[in-house]
Amino acid sequence: MNKLDGIMSLLIACIEIIYVINLLIFSEKNSINKLVIGIVTLLLGYQFIEFLICNVGLQKQIFIYLAFLDITLLPPLSLYTVLKFSARESHFSKLVFIPALFFIVYYLFVLSQFAVTKCTVLYASYHYPLGELYGIIYYLPIIFSNIILNKKWGAETDPLQKSLTRTFLFGFLFTFVPSMILAIAIPAFITAVESLLCKLAFIFASFLFYFALKNKHNIERK
C-alpha cells in the first residue's frame with residue numbers, strides 16, 4: 001500500500017470540513033441552509049472514509065458499505081433541497097429517498113460482495129452488486145435537480161433568488177458535465193466513477209458554500 005494512497009481524499013475532506021464549520025458559524029440557520037450543510041457533510045464524510053480505506057487500510061466490507069451509504073444519500077438529499085428551495089416541496093417530496101433506502105438496506109445483505117479493487121493517490125475503485133442499476137438510480141435525482149433549477153432560473157424575477165438559483169445550478173453543471181466528458185473520453189473513469197465523481201463534487205461543495213452564505217433572506221414555505 002502506497003503511503004500516499006487516498007491523500008487527495010484527506011485534503012478535500014479537510015477543506016470541506018472548513019466549509020462546514022464556517023457555514024455553521026456564519027450562514028443563516030434556515031432550513032435550506034441546514035440541508036446544504038448536510039450535503040457538504042456527506043461529501044466530506046465520504047472523502048474521509050475513502051482516506052481510511054486507502055491510506056489506513058480499513059478495507060473490510062463494512063467500511064466500503066459506509067462509504068456507499070454516504071454517497072447513496074447525496075443525490076436524493078440534493079433533489080429534496082432543490083425542491084424545497086424551488087418551493088416545489090410537498091408531502092410526497094421525501095419519497096425521493098426511497099430508491100436510496102432500497103440500496104442501503106439491500107447492500108446490508110450482500111456485504112460479502114463488496115471489495116476494494118484499487119487504491120491510488122487520487123481515487124479508489126470498488127466492486128459491488130447491481131452496479132448499472134445503482135448508476136441509473138444515482139443519476140436520476142441529479143438530472144431532475146438540474147431540470148428544476150433551470151426552470152426556476154428562467155422564470156425567476158427576484159435578483160437575489162435568480163443569483164442563488166444560478167449558483168446552485170452551476171454547482172451541478174460544473175461538477176457533472178465534466179464527469180460526463182471524462183467518462184466518454186477516458187473509459188477507465190467508469191471503473192472509479194464513485195470516487196472520482198466525489199472528487200469533482202468538491203466543485204459542487206464550493207458552490208453550495210457560497211450559496212448558503214448568500215442565502216440570508218430566502219422565503220421558505222411553511
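Quick notes on this one:
- Legend: distances between Cα atoms for 60/152; 152/199; 60/151; 34/152; 60/199; pairs beyond 32 Å are 60/152; 60/151.
- Kirkwood-Stokes translational diffusion coefficient of the range 159-211, alpha-carbon pairs, 20 °C, 1.002 mPa s, µm²/s: 184 µm²/s
- Rounded accessible area per residue of the chain, 1.4 Å, Å²: 50 Å²
- For the chain, Cys with no neighbouring Cys Cβ under 4.7 Å: 14, 198
- Highest mean first, the peptides 58-68, 176-186 sorted by other C-beta atoms within 10 Å per residue fall in the order 58-68, 176-186.
- One chain, two ends: residue 60 and residue 117. Fully extended at 0.36 nm per residue, the span grows by 19.3 nm beyond their Cα-Cα distance.
- C-alpha long axis of helix 193-214 to longest principal axis of the chain, angle in °: 30 degrees
- Value of relative contact order over the range 102-187, rounded to a whole percent, pairs C-alpha under 8 Å and six or more apart: 16 percent
- Computed from backbone phi, the HN-Hα couplings of the range 110-117 come to 10, 4, 5, 8, 7, 7, 8, 9 Hz, rounded to whole numbers (Karplus: 6.51 cos²θ - 1.76 cosθ + 1.60, θ = phi - 60°; Gly and Pro given as x).
- Distance from the C-alpha centroid of the range 83-97 to that of the range 164-185: 22 Å, rounded to the whole angstrom.
- Portion, in percent, of the accessible area of the chain that falls on carbon or sulfur, probe 1.4 Å: 73 percent
- Paired Rg and Dmax values of the range 122-177, which use every Cα atom, in angstrom: 15.3, 47
- Taking all Cα-Cα distances within the range 41-198, those exceeding 27 Å account for 29%.
- Placing unit charges on each Cβ (+1 for Lys and Arg, -1 for Asp and Glu) gives the range 1-127 a dipole about its Cα centre, and among 27, 66, 82 the Cα reaching farthest toward its positive end belongs to 82.
- Principal semi-axes of the equivalent ellipsoid, √(5λ) from the alpha carbon gyration tensor of the range 130-219, are 28, 14, 11 Å from largest down.
- Helix-only CD estimate at 222 nm, as mean residue ellipticity for the chain, using -39500 (n - 2.57) per DSSP H run (n ≥ 4): -24000 deg cm²/dmol
- Contact order relative to length of the range 1-142, as percent, for alpha carbon pairs under 8 angstrom and 6 or more apart: 30 percent
The values are calculated or read from the model by the stated rules, or taken from the named source; none is laboratory data. Nothing here was measured: the structure is a model prediction, and the numbers come from that model. All Cβ positions, even for glycine, are placed from backbone atoms using ideal geometry, and neighbour counts span all protein chains on display. Calculation scope for accessible area: heavy atoms of the full protein, side chains included, ligands and nucleic acids excluded. Shrake-Rupley method; radii C 1.70, N 1.55, O 1.52, S 1.80 Å.
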